[in-house]
1. For the condition in contact with a Gly (Cβ under 6 Å, 6 or more places away or on another chain) and aliphatic (A, V, I, L, M), what is the one hit in 150, 53?
2. Give the residue, chosen from 159, 163, that is in contact with a Gly (Cβ under 8 Å, 6 or more places away or on another chain), assigned to a strand (DSSP E or B) and either of a type in the set (S, T, N, Q) or under 20 Å from residue 201 (Cβ atoms) (or both).
3. In the stretch 147-186, how many residues are more than 22 Å from residue 115 (Cα to Cα), of a type in the set (Asp, Glu) and open to solvent by less than 90 Å² (accessible area, probe 1.4 Å)?
4. Filter the stretch 41-85 down to the residues that are β-branched (Val, Ile, Thr) and either open to solvent by 60 Å² or more (accessible area, probe 1.4 Å) or not in a loop (DSSP other than H, G, I, E, B) (or both) and list them by number.
5. Which condition from (1) at pLDDT 95 or above; (2) not in a strand (DSSP E or B) is the one that residue 173 breaks?
6. Residue 200: part of a helix (DSSP H, G or I) and either out of contact with any strand residue (DSSP E or B) (no Cβ under 6 Å at 6 or more places or on another chain) or at pLDDT 95 or above (or both), yes or no?
7. For the stretch 5-32, what are the residues that are polar (S, T, N, Q) and open to solvent by less than 90 Å² (accessible area, probe 1.4 Å)?
8. If residue 111 meets every condition in (1) in contact (Cβ under 8 Å) with a residue 12 or more places away in the chain; (2) on the phi < 0 side of the Ramachandran plot; (3) more than 18 Å from the chain's Cα centre (by Cα) apart from one, which number is that one?
Amino acid sequence: TLELVFQRVHPEDLSYVQRTVDRASRDGTKLDFEHRLLMPDGSVKHLHVVAHASRDETDAIEYVGAVSDVTATKKAQERIRQDERELRQIIDLAPQLIIVMAPDGSYLYANERVLEYTGYTQEDVVAGDFRERVFHPEDVERLRLERQQALSRGVPFEAEQRARRKDGQYRWFLTRLNPLRDEHGNVIRWYATGTDIDDRKRSEERIRRE
């Protein structure tokens, strides 16, 4: 019975579950939601409830569906989030400029060094034109095809390009893109690191002029 189910629902989810079930029972809408159960031994289970409404021979609403135990999935997701939080802390402490990218190369996150150097915010980083705003137009166009090929093939990529500092000055950086793969070999993240090589480039140019 629903009364027995409600006795097992986690106290923090009880009000939400009751409202969801009451609304569906009143309107005859489908159910698709998740909640927690608090077991007698104190353990917590995560459930995914899916059901659709139908009417019996008396025209009363009844629900047909399934309840799935998704506890293992929830725990795995939490471990991933914890790992990502720890990784971000490590990235923020790194002396290099580091940007985390999605498999398609779109920007997801930049460490504190990137924000300090460029003067931009995290919201600016995830905007679609961040790369064009930061890197020198000549270098963006020069490396466009090679970068796209590396991303599509899932292979590391290395290039020298100029990045604009928050005061408007460009400095040369050695940029390296490395893929992070899952257990099936699929690329799930790209990590781009930038090392300032401007002094070296200026020395090389001075030697060439001499």
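1. Sole residue among the options that is in contact with a Gly (Cβ under 6 Å, 6 or more places away or on another chain) and aliphatic (A, V, I, L, M): 53.
2. Of the residues listed, the single one that is in contact with a Gly (Cβ under 8 Å, 6 or more places away or on another chain), assigned to a strand (DSSP E or B) and either of a type in the set (S, T, N, Q) or under 20 Å from residue 201 (Cβ atoms) (or both) is 163.
3. So the count comes out to 1.
4. Residues satisfying the conditions are 44, 49, 50, 58, 61, 64, 67, 71, 73, 80.
5. The number of the failed condition is (2).
6. yes
7. 15, 18, 20, 25, 29
8. Among (1) in contact (Cβ under 8 Å) with a residue 12 or more places away in the chain; (2) on the phi < 0 side of the Ramachandran plot; (3) more than 18 Å from the chain's Cα centre (by Cα), residue 111 violates only (3).
The values are calculated or read from the model by the stated rules, or taken from the named source; none is laboratory data. Keep in mind the model is a prediction, meaning the values are calculated, not measured. When we count neighbours, we look across all protein chains shown, and the Cβ atoms used for this are built from the backbone with ideal geometry, even at glycine. Just the protein is used for accessible areas: all its heavy atoms, side chains included, with ligands, DNA and RNA removed. Shrake-Rupley method; radii C 1.70, N 1.55, O 1.52, S 1.80 Å.
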